[in-house]
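Visitor: If you scroll down you'll find the structure; I have some questions about it.
The values are calculated or read from the model by the stated rules, or taken from the named source; none is laboratory data. Quick caveat: nothing in here was measured; it's all calculated off a predicted structure. Because the Cβ atoms are built from the backbone with ideal geometry, glycine has one as well, and the counts that use them run over all protein chains shown.
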Amino acid sequence: MADKLYRVELTASFLERLDSIEEFLVKADAGFAFDKLLAELRAPVIPNLHRFPRIGRRYLANAPVRRSAGPARRAAGRRTERAA
């Protein structure tokens, strides 16, 4: 029986961070490292997310590192509870 595949979506924030990483590596004359990063995302990471969408750490289950992150985390938790 084939495994059920889930849809993997990349957020705008994630894509913006990828753009920033690429810009940094190109400026550092290390564009090859960005190519390796994309290859890792395309090969093991995204296919694993297709099959196992719950892998990784739960964002809201972790305490914020910065004190200023606390209110945003609590607000996100309230939005998640309302959506459920």
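Visitor: Cβ-Cβ distance below 7 Å, separation of 6 or more or different chains: which pairs start in the stretch 4-28 with a residue that is of a type outside the set (A, V, I, L, M) and end on one that is outside any helix (DSSP H, G or I)?
Guide: What qualifies is Tyr6/Pro53.
Visitor: To continue, here is another question. For residues that are outside any helix (DSSP H, G or I) and within 16 Å of Leu10 (Cα to Cα), scanning just the stretch 23-77, find the one that is modelled with the lowest pLDDT.
Guide: Gly56
Visitor: Residues of the stretch 1-22 being of a type in the set (Val, Ile, Thr) and part of a loop (DSSP other than H, G, I, E, B), which ones?
Guide: Those that are of a type in the set (Val, Ile, Thr) and part of a loop (DSSP other than H, G, I, E, B): Val8, Thr11.
Visitor: Just give me the residues in the stretch 16-30 being closer than 25 Å to Phe52 by Cβ and surrounded by fewer than 10 Cβ atoms within 10 Å (Cβ to Cβ), in sequence order.
Guide: none
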